[in-house]
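Have a look at the structure below, then the notes.
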Amino acid sequence: MYSQALDERDGVADEAVNAAFEQRVAAEEKVEANDRMPAAYRKTLIRQISQHAHSEIIGMQPEGNWITRAPSLRRKAILLAKVQDEAGHGLYLYAAAETLGVSREELVDQLLAGTAKYSSIFNYPTLTWADMGAIGWLVDGAAIMNQIPLCRCSYGPYARAMMRICKEESFHQRQGFEIMVTLSRGTEAQRAMAQDALNRWWWPSLMMFGPHDSESTHSDTSMRWKIKRFSNDELRQKFVDVTVPQADFLGLAVPDPDLRYDDATGHYVFGEPDWSEFKAVLRGEGPCNAQRLAHRRRAHDDGAWVREAAQAHAAKQQAEQVA
Amino acid sequence: MVSPTSEQLLTYADGALILSHRLSEWMSNAPTMEEDIALGNIALDLLGQARGLLQHLGNEDELAYFREPQEFRNPLLCELPNGDYAHAMIRQLFADAWFAEVWPQLAADGTVDIDVRGVAEKAVKENAYHWRHSSAWVVRLGDGTDESHRRTQDALDAIWPYRGEVASDQWYARVEPVLAQATLTTPGRDAWIQRGSADGWHTEHLGYLLAEMQSLARAHPGATW
Amino acid sequence: MKTTSGQWPLWEVFLRSRNGLHHQHVGSVHAVDAEMAVANARDVYTRRGEGVSIWVVPSAAIVASDPGEKGELFEPALDKVYRHPTFYEIPDGVANI
């Protein structure tokens, strides 16, 4: 791979290089694949981009769960396209990570071994069709909030992958909100389904922004390196501010007794997510952690003979060409 | 040329619909992530074709969600369960070879409705790509490793009897060279053929497929989604 | 192409979004051969009609300039301002130049 030869140089703790790097990044200059960069910057990016890629790939499951039961052919086509996009987003991101000198296989192995993290939200079950609406509206909404600033990330290949993803992601959020609108204007059973989905997805969506700034471990360096542009709490506040009026429009109740609009600040004041639940899900104790990983491992294992066959066939073809 | 009857159009529509459903079951289960996307593309193309024809024949959702299994007219081939990737690719090869005849005929048939011809014209191009995909994979798997050869031969033997509703001389002419290139042994044109769905006979698999597909729509009759 | 322990080779993907434009690098795919690389690039990078032509190149075949030599490679061009038309002053009243 064309970026790998450069890895060795990172090992040299060249303070002058690091200082020059910090200056370039502070001046909003983009970093590209082959550029010299501090080893810690490379490591941080590999961790973040691969977690993001894993999230997209695991994220196919909760929604994939409803493709075969989508209640109309139009909805089925939309959902299928959306889940397929998630695979695409995973691949854009693995490709961006690979420019840093790590192979996709290595990253996938970490996921399958259970040593890599992915977004905690995908460890919740999708129990009704309304969850397809809630995921698009809330989960993709929260994701977009996180991702738009990443389009300006200092690392060029990541920023470009994110631009592509954000463009596609806005369809995801809109189709979700459209499902919520349809359900909230539908039969009594459909309205109840929509409210139930909001009840279950609201708090996990708020947790998607990560722990409070005071508890967040990697935040400061990531901000300095222009990988991150806004803090967790800033983004969470922004999400609540735009989402609550949308819930009002739907005639659905946000499941937070402490929620109120503060005239003085122009922001919503909201309650505390259950952080012990957040930590438990990250530890692997969420409702679907085991199931999601087992699914991924099964697909990977079941596909092994296919991947080997394709390789073996290509090798035969090449041998024939040479002969 | 005799204009295709509604019954024939329904056969094409149901074939595309049910096969699309089977392919959609692969999402997040494919052997590579690239294949997840490829199968998703094919499933979406087929679903679009099915919808185009069903909209011509009536209300697409009424037809898809509120008919009984015995009213479906898809070739049995399309409803066979996914099995392993070799089964999926052999099934796809057979179906793609069938549609490779269906769509150009419909597209060129001046006696059919303009909207049906429109569906067919678009489908011709889509089908060409599907065929490239399935034939390339059948060759890779047949002429890959010992294990992949065994699995693909097993799949061919298991699915061959279901060719009856889709096979013609042109179909054999399309399929046989690919199977030969894949180093597979074809059971032969005269081999036993399973009875088809024209008079309502299906495999037991379709009932389960539809029970899943129709469950939500049927739980809320009259609702819009 | 040589492959190691199950990892499929990496290919860089370039798309021409429409005729008249250059191909542009968009990312990479894994594939066992060129045919599969084109198919995968099509499926992964053109789901919304983003391209009319695809190039795939084995990543290993790309020779990149050394970023450490950025100074000697590219800086000498920066001060050759006379290569740009805006360097020249044309008196008012002269047309078509």
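Every read-out reported here was derived from the displayed coordinates using simple, explicitly stated rules and does not represent laboratory data. Fair warning: this is a prediction, and the values are worked out from it, not measured in the lab. Reconstructed Cβ throughout: ideal geometry from the backbone, glycine too, with neighbour counts over all protein chains shown.
Observations on the structure shown:
- For chain A, a Gaussian network of Cα nodes joined below 10 Å ranks A:113, A:97, A:134 by mean-square fluctuation, and the top entry is A:113.
- Helix A:104-113 and the longest principal axis of the Cα set of chain A meet at an angle near 50°.
- Per DSSP, loop GluC sites (Glu not before Pro) in segment A:155-247 with at most 11 further Cβ within 10 Å: none
- Listed pairs A:43/A:167; A:167/B:125; A:167/A:228 exceeding 22 Å between Cα atoms: A:43/A:167; A:167/B:125
- Options C:24, C:11, C:73, ranked by Cα towards positive dipole end of segment C:10-87, top entry (Cβ charges): C:24
- When each of A:191, A:75, B:140 is scored by the number of other beta-carbon atoms lying within 10 Å, the sequence from fewest to most is A:191, A:75, B:140.
- Look at where the Cα atoms of segment C:49-72 and of segment A:24-66 average out, and the two centres are 20 Å apart.
- Bridging of residue A:279 to lysines at a Cα separation below 18 Å is possible for A:117, once same-chain residues fewer than 8 apart are set aside.
- Tilt relative to chain C, helix C:34-45 - C-alpha long axis, 0 to 90 degrees, to 10: 70
- Projecting the Cα atoms of A:204, A:278, A:163 onto the dipole axis of chain A, where Lys and Arg carry +1 and Asp and Glu carry -1 at the beta carbon, places A:163 farthest toward the positive end.
- Helical runs assigned H by DSSP (4 residues or longer) give the protein assembly as shown a calculated mean residue ellipticity at 222 nm of -19000 deg cm²/dmol, each run adding -39500 (n - 2.57) before division by the residue total.
- Taking every DSSP bridge with both residues inside the protein assembly as shown, close to 95 percent are antiparallel.
- Two-decimal log10 I(q)/I(0) for chain B, as the Debye equation yields it once each C-alpha is a single scatterer, q = 0.13, 0.14, 0.18 Å⁻¹: -0.75, -0.87, -1.43
- Chain B: most fluctuating residue of B:71, B:35, B:101 per GNM, C-alpha cutoff 10 Å: B:35
- Distance from the C-alpha centroid of segment A:179-247 to that of segment A:69-93: 21 Å, rounded to the whole angstrom.
- Among the DSSP helices (H) of chain B, those spanning at least 15 angstrom by Cα along their long axis with an average Kyte-Doolittle hydropathy of -1.0 or more are B:6-24, B:33-57, B:85-108, B:114-142, B:169-181, B:205-219; this is a geometric and hydropathy rule only.
- Viscosity 1.306 mPa s, 10 °C: Kirkwood-radius Stokes-Einstein D of the protein assembly as shown over Cα pairs, µm²/s: 59
- For chain B, built as a Gaussian network whose Cα springs stay under 10 Å, the top-fluctuating residue of B:152, B:185, B:11: B:185
- Cα-derived Rg to Rh of segment A:241-290, Kirkwood definition: 1.13
- Ranked list, fewest to most other Cβ atoms within 10 Å of each Cβ, for B:91, A:296, A:74: A:74, A:296, B:91
- Cross-link partners for residue C:70 among the lysines, with Cα-Cα distance under 16 Å and sequence neighbours closer than 8 places in the same chain left out: A:30.
- Averaged over the residues of peptide A:91-97, the number of Cβ atoms from other protein chains lying within 10 Å of each residue's Cβ is 5.
- Other protein chain Cβ atoms within 10 Å, averaged over every residue that makes up A:291-302: 2
- In percent, rounded to a whole number, the relative contact order of chain B is 24, using alpha-carbon pairs under 8 Å and six or more apart.
- Longest to shortest principal axis, alpha-carbon extents of segment C:10-87, angstrom: 47, 29, 15
- Counting neighbouring beta carbons within 10 Å and listing from fewest to most, the residues B:213, A:132, C:36 come out as B:213, C:36, A:132.
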